Amino acid sequence: MPVTLVLLALSLLSQTKGPDTDVTLPVHATLVSQAEGRGVQIYTCKAQGVAFQWMFMGPEAKLFDAAGQPVATHGAGPSWTWSDGSMITGKVLQKRESPDPTSVPWLLLAATPAAGKPGQLAGITFVRRSETKGGVAPADGCDAGHVGTMTRVPYTATYEFYRPQ
């Protein structure tokens, strides 16, 4: 994403904080959709010099509406694909630790819709991930004998999708 777009996105952020979080919400934006993500965060064991560490590879999740119906998928990139075929990719603007230390961080991402993919995600400019539960890399199990091993850690999160007003 060009630097000017990132700077523009940052300039549109409000200093108003959401409940139970310090991830700043977008201003001049309207909440279009909210969905519950249920899936896994995928990590691979890699050597880091003389140490070993679980490295994040990407998410794999399904998103569900308030009625519990599947509406989208979430994958590496990060990317989201709605059931109507529309798609966006995201770039992290803000990252805050979850109030639960066993959960992945809360994020605000600038979104870029895929060209030629009209639908629910067309025009989405921000995605907010909050209310995370789980998904943190294991504290152990990554050593010389496990290099290249993948682990899939279950998580849930709330995803909100915003368009400009």
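The values are calculated or read from the model by the stated rules, or taken from the named source; none is laboratory data. Please read these numbers as outputs of a predicted model, since none were measured by experiment. No Cβ is skipped: glycine too gets one built from the backbone with ideal geometry, and neighbour counts run over all protein chains shown. Note: accessible area is taken over every heavy atom of the protein model, side chains too, but ligands, DNA and RNA are not part of it. Shrake-Rupley method; radii C 1.70, N 1.55, O 1.52, S 1.80 Å.
Scanning the stretch 58-72 for residues that are part of a strand (DSSP E or B), open to solvent by less than 70 Å² (accessible area, probe 1.4 Å) and at negative phi yields a total of 6.
In the stretch 119-142, the residues that are in contact (Cβ under 8 Å) with a residue 12 or more places away in the chain and under 13 Å from residue 80 (Cα atoms) form Cβ pairs under 7 Å with partners that are among the polar types (S, T, N, Q) and assigned to a loop (DSSP other than H, G, I, E, B), at six or more places apart or across chains, as follows: 119/86; 120/86; 121/86; 122/86.
The C-beta contact set for the stretch 55-77 (first residue at pLDDT 95 or above, second residue of a type in the set (D, E, K, R) and in a loop (DSSP other than H, G, I, E, B), distance under 6 angstrom, 6+ apart or interchain) comprises 71/65.
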